Each structure stands twice: as structure tokens, then as C-alpha cells.
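Taking it in order: structure first as C-alpha cells, then the write-up.
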Amino acid sequence: MEITEKTIPLEDKDFLYFIGYNDQLLQIIENRFHTLITLRGSNLILKGNPNEIKSIEAIFKELGYVHRRSGTISENDIETILEIIDGPNAKTNLPEKGSKVDEMIVYHSVKGPIKTKGRKQVEYIQKIAENDIVFAIGPAGTGKTFLAVAMALAELKRGSVEKIILSRPAVETGESLGFLPGDLKEKLDPYLKPLTDALFYMLPPEKLKNYTEKNVIEIIPLAYMRGRTLNNAFVILDEAQNATIMQMKMFLTRMGNNSKVVVTGDITQIDLDKPEESGLINANKLLQNIEGIAFVYFDERDVVRHKLVAKIIKAYQTEAENKMNHRSKNQNTEST
């Protein structure tokens with residue numbers, strides 16, 4: 001995708017003063033686009049897609065006119081101008097429930113559109129749109145986390161949420177964590193890297209840095225969720241099979257007003273000392289049939305990585321099933 005930079009001089013000093021001391025104004029506009037917007041002196045620096053830059057330039061021209069006319073700008077003014085100039089680009093057209101669409105665009109990333117691959121992924125996106133909490137359970141390579149991040153960025157861009165929170169349980173960060181080099185952030189980075197990889201793919205580095213510095217995007221370990229209430233947020237818990245039952249309860253009860261939660265995991269890859277204490281397995285039993293909570297189940301047929309990945313997953317699943325059947329036969333023999 002072509003990236004360009006454009007400098008727009010702001011000659012109206014009153015308007016310059018207004019937007020300089022109203023960072024929320026820039027944030028509302030920036031959430032709608034991928035383009036990085038920076039105010040430097042009396043210039044507005046735009047770095048991003050040329051078509052977006054044209055739209056943003058037109059938006060600021062209209063905002064300047066509104067400010068000269070009334071002496072101020074309200075959020076309603078901003079939303080009205082955004083809808084007039086960029087309205088069609090701000091909407092995700094979800095296929096109707098039950099439709100047989102295999103592909104839809106979830107988010108326009110810096111590297112091009114993020115699209116679904118197959119009906120199971122379409123179902124996944126539909127359920128995220130229609131429910132406040134969605135559990136996505138299945139093997140690696142099915143797009144569970146990647147699509148959840150894309151959907152979160154789409155919601156942020158539309159202004160439906162104010163922030164994105166990405167989290168994972170760091171099951172190996174007990175006593176061994178202290179022996180790793182670096183500060184706490186450096187110690188935790190390896191556990192959170194799969195989440196940052198998705199963000200780096202979808203956002204320009206400057207914009208991702210801007211979002212993280214302003215806490216619009218937070219990437220934190222699950223343990224750091226305790227005591228928080230997450231309002232107006234899109235929250236993703238990845239690798240949830242490694243959260244304990246108490247951790248899962250703690251996480252789900254952090255949910256505040258106007259928030260969405262997506263929980264992803266693979267119940268065949270539990271790293272806990274006691275797999276039966278997995279919060280994902282418990283939630284899968286406990287939270288079925290609750291309105292507003294949906295479950296999506298992926299299997300090896302839904303893997304979108306290299307074609308061999310699905311065969312590898314199937315081979316390991318078959319071995320695990322054979323071992324379980326063998327144990328069961330031995331137990332039955334002993335009991336007789």
C-alpha cells in the first residue's frame with residue numbers, strides 16, 4: 001500500500017490554538033483512519049494512504065469553516081463532517097446471518113484489506129458483531145486471534161470503542177520469571193509477542209507507537225487485569241486455555257459498559273499443571289445458552305496456514321484420541 005506524507009499549514013491561529021489544546025478532536029478523526037496525524041508548530045503532518053489524506057484534508061477544511069463561524073467545534077460537528085466526507089468507508093458491511101458468503105473485508109490494514117477465509121471465519125465475525133462476549137475455540141492457524149485484532153481495530157476506527165486491550169496468561173512467569181534478563185516489560189514481551197505481531201501487520205509503526213503511548217492500545221498480562229473495570233473497550237484474551245478458572249472469572253467480570261470481549265484458545269494445548277483447572281474448559285461448560293455470549297468452534301478443516309498444518313494437527317489429535325481409548329480399555333480391564 002502506498003504511503004505518502006503531506007504538510008498542511010494552518011493559517012487560522014484561533015483554529016490552531018483550539019485543536020492544539022483539544023487532543024480529543026484529533027483522536028476522534030485519527031480513530032477513523034489509518035493515517036498518522038501530527039500537529040507540529042502551525043502545520044498538520046499527515047502520513048498514510050493518499051486517498052485518506054485527501055479525505056482528512058477536506059475534513060479539516062470543513063472544521064476550520066465551522067470554527068470560524070461559531071468559535072468552537074463540538075463532537076457532533078466532527079461526527080457530522082466525518083459521515084458526510086468519509087461515511088461509506090467507516091462501515092463494515094456484514095453479510096446477513098445464515099448467508100453463504102465465504103469472504104468479507106473485516107479491516108483495511110496498512111498492508112491491504114484483512115479478509116475472512118471461509119464460512120467459519122464469517123460466522124466468527126458475525127458473532128463478534130452481534131454479541132458482547134465471544135469464545136473462539138480451536139487449533140492454531142485458524143485466524144482466531146488475528147481476526148479478533150482486526151475486528152477490534154475496525155471498532156476503534158468507527159469510534160464504537162475508545163480503546164483496545166490485548167491480554168494473555170503468562171503461565172511460565174512464576175518463579176522462573178525472575179531469572180530472565182531485563183525489566184518486567186522485557187521479561188513479558190516474549191509472551192505477548194503474538195499479539196504485537198498482529199498489530200504490526202495491520203498498523204503503521206508510527207500509529208501503533210502513538211496508540212500505545214496514549215494507552216489507546218494496551219498489551220498486558222492477564223494478572224494485571226485484577227481490580228480494573230473496562231468501559232468502552234474491545235478486550236481480547238488470547239491463549240485462554242492457560243487461564244485458571246479463577247483467572248477466567250476475574251477477567252470476565254472486568255467487563256464494563258459498552259465493551260466487547262473476545263476469548264480465544266485451544267483446549268488441546270493446555271500448559272497448566274492441572275489441565276482440568278483450565279478456565280476455558282470451565283467456561284465452555286458453564287456459560288452456554290446465556291444471551292449475549294456466543295461460542296465458535298474451529299477444527300483442522302478451518303486452518304488457513306500452510307496446507308500441511310491441518311494434517312499435522314489431525315495426526316496429533318488422532319494420537320491423543322488413541323491414547324485416551326487405550327487408557328479407557330486398560331481401566332475397564334482392571335475393574336473387571
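The values are calculated or read from the model by the stated rules, or taken from the named source; none is laboratory data. Computed from a predicted structure; not experimentally measured. Every residue, glycine as well, gets a Cβ built from its backbone with ideal geometry; the counts of neighbours run over all protein chains shown. Please note that ligands, DNA and RNA were not included when accessible areas were found on the heavy atoms of the full protein model with its side chains. Shrake-Rupley method; radii C 1.70, N 1.55, O 1.52, S 1.80 Å.
Of (1) open to solvent by 20 Å² or more (accessible area, probe 1.4 Å); (2) at pLDDT 80 or above, Lys111 satisfies all except one. Which?
(2)
Can you tell me which of (1) touching a residue at least 60 places away in the same chain (Cβ under 8 Å); (2) part of a helix (DSSP H, G or I); (3) under 20 Å from Leu156 (Cα atoms) is the one Lys209 doesn't meet?
Tallying (1) touching a residue at least 60 places away in the same chain (Cβ under 8 Å); (2) part of a helix (DSSP H, G or I); (3) under 20 Å from Leu156 (Cα atoms), Lys209 fails exactly one: (1).
Identify, please: which residue in the stretch 189-210 is at pLDDT 85 or above and of a type in the set (Phe, Trp, Tyr) and is, among those, most open to solvent (accessible area, probe 1.4 Å)?
Among those residues, the one meeting the criterion is Phe200.
Just to check your reading of the model, which residue among Glu186, Glu218, Glu213 is at pLDDT below 85 and either open to solvent by 20 Å² or more (accessible area, probe 1.4 Å) or closer than 20 Å to Gly256 by Cα (or both)?
Exactly one residue qualifies, and that residue is Glu186.
With the structure loaded, tell me whether Gln241 is of a type outside the set (Val, Ile, Thr), over 16 Å from Ile133 (Cβ atoms), open to solvent by less than 30 Å² (accessible area, probe 1.4 Å) and more than 17 Å from the chain's Cα centre (by Cα) or whether it fails that test.
Yes; evaluated as a whole, the condition is true for this residue.
Give me a count of the residues in the stretch 244-265 that are open to solvent by 40 Å² or more (accessible area, probe 1.4 Å), in contact (Cβ under 8 Å) with a residue 24 or more places away in the chain and over 13 Å from Ser278 (Cβ atoms).
Total meeting the criteria: 4.
Out of all the residues in the stretch 21-65, which are open to solvent by less than 60 Å² (accessible area, probe 1.4 Å) and either in contact with a Cys (Cβ under 9 Å, 6 or more places away or on another chain) or in a strand (DSSP E or B) (or both)?
Answer for the stretch 21-65, where residues must be open to solvent by less than 60 Å² (accessible area, probe 1.4 Å) and either in contact with a Cys (Cβ under 9 Å, 6 or more places away or on another chain) or in a strand (DSSP E or B) (or both): Leu36, Ile37, Thr38, Leu39, Asn43, Leu44, Ile45, Leu46, Gly48.
Going through Ile236, Ile293, Ile270 one at a time, which residue ends up being buried (at least 17 other Cβ atoms within 10 Å of the Cβ) and more than 22 Å from the chain's Cα centre (by Cα)?
Ile270
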